[in-house]
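**Student:** Structure below; questions to follow.
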Amino acid sequence: MPRISKKGQDMPESPIRKLVPFAENAYKQGKTVFHLNIGQPDIKTPQVALDAVKIHSLDILAYTRSEGSEAFREKLANYYANHSIPVKHDDIIVTTGGSEALLFAFGSITDIDDEVIIPEPFYANYNGFSTASGVKVVPVISKIEDNFALPPIEEFEKLITAKTKAILICNPGNPTGYLYSKEEIKKLAAIVKKHDLFLIADEVYREFAYDGISHYSILQEEGLENHAIVIDSVSKRYSMCGARIGCLVSKNKEVIKTALKFAQARLSPPTLAQIASEAALETPQSYFDDVIDEYVQRRNILIEELNKIEGVQVANPKGAFYCIAQLPIKNSDTFAQWLLESFDVNGETVMVAPAAGFYSTPGVGLNQIRIAYVLNKESLVKAVNILKEALKVYKD
């Protein structure tokens with residue numbers, strides 16, 4: 001039998017999706033499963049985006065430009081301008097989701113065995129993207145005791161080698177909900193300029209900043225023009241995960257020129273999804289005001305309820321819609337599977353994401369889970385109560 005590639009063998013499983021078969025079996029048994037495991041918002045997609053697809057006048061569903069339609073990129077540039085991010089439409093390449101944007105970024109700035117420093121825990125697919133690109137992730141650990149704040153800059157400098165090409169952050173963070181301050185971004189800007197590195201920021205949760213704290217983009221930092229690469233997406237902002245539209249944004253012309261070659265190789269981003277995404281940019285601020293208010297309420301209830309459980313430690317998120325909870329268990333993979341296979345409260349159980357998959361350091365995060373608070377408040381309370389009851393009887 002022909003052999004699978006080493007790269008294919010090394011590709012990590014999704015810590016979020018690998019438990020799906022167990023959830024499906026729970027459904028077959030008649031159980032209700034509260035999904036705390038995946039960042040699929042239950043917020044309705046803006047009607048203007050859905051209507052744009054319904055009423056389009058296309059006769060042929062043709063290719064668009066490889067970098068995305070000019071009209072969409074012009075409107076994206078206006079969107080960024082409204083967030084004090086000064087970019088032009090030709091600083092933007094539209095991609096098939098933020099995932100493709102990150103793959104284009106890795107492809108444009110790294111070679112095989114180059115290194116990218118990432119504060120962990122981080123979005124689990126960064127492990128997969130790096131493996132697919134032949135890039136080595138060099139983790140710098142942030143700690144739940146510090147609410148997952150940026151590690152000291154000295155910790156970054158210890159890790160920089162001749163192979164280091166970039167520092168990658170997610171701001172606000174998935175899976176921690178941590179929101180980097182302007183001062184922290186300036187510290188990162190100083191280090192990438194000092195060592196001539198790229199700074200990649202995954203900013204797909206930009207709108208979701210709480211407690212009166214403003215999001216500060218790396219593209220707002222003066223003097224970082226040739227170092228900054230932003231990854232963005234409509235998925236969470238407009239609750240349009242299935243549209244699969246994102247973008248790569250940079251003022252570095254060589255980065256854009258190179259990324260465009262990767263974009264040309266896959267021909268073009270999806271046409272109808274661009275139409276929906278362009279229309280979504282007309283969404284009024286009131287939509288986000290309501291959404292943010294809802295997520296703040298959900299976060300507050302979730303953290304309050306988790307803090308009532310003996311032995312549970314939880315970081316308080318300032319953005320996005322995730323948190324990391326540390327449980328009084330040894331292995332959250334085993335616990336998450338047990339919840340779906342063997343435990344319920346009145347026919348109801350929960351699905352969580354084991355947090356070890358959000359680290360690249362072996363053995364770290366084994367007793368942690370990521371919770372996505374994308375359920376309504378009543379369901380969140382029920383879900384946390386199920387966790388509480390489960391921890392009373394669970395034995396490692």
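**Student:** Do we find that GLY223 is in a loop (DSSP other than H, G, I, E, B), open to solvent by 10 Å² or more (accessible area, probe 1.4 Å) and either farther than 14 Å from PHE106 by Cα or not charged (D, E, K, R) (or both) in this structure?
**Tutor:** yes
**Student:** Name the strands (runs of 3 or more DSSP E) wholly inside segment 24-129 in which the number of residues that are surrounded by 19 or more Cβ atoms within 10 Å (Cβ to Cβ) and at positive phi is 1 or more.
**Tutor:** Here the list is empty.
**Student:** While we're looking at this one, here's another question. Report, ordered by the first and then the second residue, all pairs with beta carbons closer than 7 Å, sequence separation of six or more or different chains, a first member in segment 357-386 that is open to solvent by 40 Å² or more (accessible area, probe 1.4 Å), and a second member that is of a type in the set (Phe, Trp, Tyr).
**Tutor:** Once the first residue is open to solvent by 40 Å² or more (accessible area, probe 1.4 Å) and sits in segment 357-386, its partners that are of a type in the set (Phe, Trp, Tyr) give LYS382/PHE34.
**Student:** Just to be sure, is PHE288 under 19 Å from VAL234 (Cα atoms), touching a residue at least 24 places away in the same chain (Cβ under 8 Å), surrounded by 18 or more Cβ atoms within 10 Å (Cβ to Cβ) and not hydroxyl-bearing (Ser, Thr, Tyr)?
**Tutor:** No.
**Student:** In addition: Specify the residue that is nearest to LYS88 (Cα to Cα); the eligible residues are those in segment 211-220 that are open to solvent by 10 Å² or more (accessible area, probe 1.4 Å) and of a type in the set (A, V, I, L, M, F, W, C).
**Tutor:** Among residues in segment 211-220 that are open to solvent by 10 Å² or more (accessible area, probe 1.4 Å) and of a type in the set (A, V, I, L, M, F, W, C), the one nearest to LYS88 (Cα to Cα) is LEU219.
**Student:** Being open to solvent by less than 60 Å² (accessible area, probe 1.4 Å) and either in contact with a strand residue (DSSP E or B) (Cβ under 9 Å, 6 or more places away or on another chain) or more than 27 Å from GLN297 (Cα to Cα) (or both) is the filter here; which residues of segment 341-356 pass it?
**Tutor:** Hits for segment 341-356 are PHE343, GLY347, GLU348, THR349, VAL350, MET351, VAL352, ALA353, PRO354, ALA355, ALA356.
**Student:** I'd like the full set of residues that are over 18 Å from GLU100 (Cα atoms) and in contact with a strand residue (DSSP E or B) (Cβ under 8 Å, 6 or more places away or on another chain), limited to segment 252-289.
**Tutor:** Scanning segment 252-289 gives a single hit, ASN252.
**Student:** Mind checking which pairs have a first residue in segment 64-85 that is farther than 21 Å from PHE104 by Cα and a second that is open to solvent by less than 10 Å² (accessible area, probe 1.4 Å), Cβ under 6 Å, 6 or more apart or different chains?
**Tutor:** Close Cβ pairs satisfying both conditions: ILE85/SER217.
**Student:** Turning to a different aspect of this structure: Quick one: which of ILE245, ILE218 is under 17 Å from SER99 (Cα atoms) and aliphatic (A, V, I, L, M)?
**Tutor:** It is ILE245.
**Student:** Do you know which residues across segment 232-277 are assigned to a loop (DSSP other than H, G, I, E, B), over 30 Å from ILE292 (Cβ atoms) and not hydrophobic (A, V, I, L, M, F, W, C)?
**Tutor:** ASN252, ARG266, SER268
**Student:** Pick from segment 161-190 the residues that are among the hydrophobic types (A, V, I, L, M, F, W, C) and out of contact with any strand residue (DSSP E or B) (no Cβ under 7 Å at 6 or more places or on another chain): which of them is most open to solvent (accessible area, probe 1.4 Å)?
**Tutor:** By that ranking, first place goes to ALA162.
**Student:** Okay, next question. Checking the conditions here, which among ILE369, ILE386 is at pLDDT 95 or above and outside any helix (DSSP H, G or I)?
**Tutor:** That would be ILE369, the only listed residue that is at pLDDT 95 or above and outside any helix (DSSP H, G or I).
**Student:** For segment 243-253, state whether one or more residues are surrounded by fewer than 22 Cβ atoms within 10 Å (Cβ to Cβ) and in contact (Cβ under 8 Å) with a residue 60 or more places away in the chain.
**Tutor:** Yes, the conditions are met somewhere in segment 243-253.
**Student:** State all residues of segment 210-220 that are under 18 Å from the mean Cα position of the chain (by Cα) and either among the aromatic types (Phe, Trp, Tyr) or in a loop (DSSP other than H, G, I, E, B) (or both); if no residue qualifies, say none.
**Tutor:** TYR210, HIS215, TYR216, SER217, listed by residue number.
The values are calculated or read from the model by the stated rules, or taken from the named source; none is laboratory data. As the structure is a computational prediction, the values presented were derived from the model and not from experiment. As a convention, Cβ positions derive from the backbone with ideal geometry for all residues, glycine included, and neighbour counts pool all protein chains shown. Surface accessibility is based on the protein's heavy atoms, side chains included, excluding ligands, DNA and RNA. Shrake-Rupley method; radii C 1.70, N 1.55, O 1.52, S 1.80 Å.
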